[in-house]
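This report concerns only the one structure given below.
The values are calculated or read from the model by the stated rules, or taken from the named source; none is laboratory data. Keep in mind it's a predicted model, so treat the numbers as computed, not measured. Cβ: placed from backbone, ideal geometry, glycine included. Neighbour counts: every protein chain shown. The protein model used for the area step is the full one, side chains on, heavy atoms only, and it has no ligands, DNA or RNA in it. Shrake-Rupley method; radii C 1.70, N 1.55, O 1.52, S 1.80 Å.
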Amino acid sequence: MPPIEKSIINLAKNILSEYSLCDWCLGRQFPSIKEENNEVKGKTIKKEVKMKVKEEPCFICQDTMQSIKDISVKVLEQLKDFDFNDFLIGAKLPKDFIEKEDIIRAKFKLRGGETIKGEITREIGKTIATRTNRKVNFYKPDMMILVDFISGKIYLNPRSLSIYGRYLKTIRGLPQKRRKCRKCKGKGCSECEYTGFSKEKSVEQILAQALIKKFDAKDAKFTWVGGESTESLVLGNGRPFYAELIGPKLRHIDESELLKEDNGIILKEVKIIDEKPKKIPTFKVKVAAHVKFDGEVNEEKLNSLKERLQNSEVRIIQLKKKPLIKKIYDFNVERINERVIKITFKCDGGLNIKSFISGSNRGMKKDLLEITPNVSEIMGVKASCDIFDILDVEV
Ligand SMILES: [Zn+2]
Ligand SMILES: [Zn+2]
């Protein structure tokens, strides 16, 4: 190491005759000296200064800097249970650390040095990076580590994980979405174990449970690509969905251990994605529906139904909005008896199947007024649908 300039020695002497500073906090004030770290730098300066320094706690950090090695060890211990490729350290310091450092810098005209906060996060980060072989990422770290020097606590916040998946539903009777807890209406109470959700089985509840377990997460939030009714099956390649897993400890998937089957729900595909798309992709659904008529329907009428709806457009008329157009493709009719038929078709996502058949806006969202043409209207006989199944969903 080249000898330290006389002017620096004199400046250090002046500072130390007034303030007690630890090796770290002294070293940090002299960015022009190159050393392994500020602790080594501070020691070297103190040796050169050749004066008896005050035996008091450090004026700036109250000797906190000496504890950062121990804190790094504690952070490493807590990180053991988590998957992460990169991380970022944050620190919460008592306000007077920064104020006291500013006082000294102003008084002795010290410039260009790193702040105490910068040094703490950089030093802890260095230790974590070396020991875990993971990198610091300032932009989108998998793991955000906050060291609170006021409370002495360490907080680990894994970034939420975005998932794309598909599910099959092979048994009738499960609603798609979790219902809110009846008692607390979603606020959280002892009845629902403070989840805000009813414990009744649903596709969402089963998928959430499986995904939370798989990624050791705290919660899962879903975005659906369309929906089906409680009585519908979902077949083919299944219905796609997006999920955001909150606080996951794990961030990888072993494809061999997807959800086997729980109450007829099968998790067919799961993929970790960068982030959920801003807009849900457009999709088409292949549907099979049982249609019941109030009167007998003859062959001629069935043929005209097929002709009318084959590759046709259906208008959804909404309150105070432009009508939506949904296309119908591959429309087919199969007779079951005089009053019952089975129809299969493909249509653009977002068409309410039961209303498309009955023509009634019962069960539709409040702002939907009419779907036209509809099966009742074309046949001139009132039609209804209790059960329809989703044969496939194409994205
Ligand atoms: Zn200090
Ligand atoms: Zn509740």
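Could you go through region 35-43 and let me know if any residue there is in contact with an Asp or Glu (Cβ under 7 Å, 6 or more places away or on another chain), open to solvent by 50 Å² or more (accessible area, probe 1.4 Å) and away from ligand 2 (no atom under 16 Å from the Cβ). Yes.
Note on region 76-132: among residues that are exposed (fewer than 15 other Cβ atoms within 10 Å of the Cβ) and touching an Asp or Glu at 6+ places or on another chain (Cβ under 6 Å), the one that is farthest from F149 (Cα to Cα) is N85. When region 296-331 is filtered for residues that are within 19 Å of F283 (Cα to Cα) and either part of a helix (DSSP H, G or I) or in contact with a helix residue (DSSP H, G or I) (Cβ under 9 Å, 6 or more places away or on another chain) (or both), the ones remaining, listed by number, are V314, I316, K326, I328, F331. Criterion applied to R178, R239 was being open to solvent by less than 60 Å² (accessible area, probe 1.4 Å) and within 14 Å of ligand 2 (Cβ to nearest atom), and the one residue passing it is R178. For region 149-242, the strands (runs of 3 or more DSSP E) that sit wholly inside it and include 2 or more residues that are under 30 Å from E394 (Cβ atoms) are 161-169, 219-224.
Out of T344, T282, one residue alone is over 22 Å from W224 (Cβ atoms) and hydroxyl-bearing (S, T, Y). It is T344. Scanning region 261-301 for residues that are over 28 Å from L174 (Cα atoms) and within 23 Å of the chain's Cα centre (by Cα) gives D274, E275, K278.
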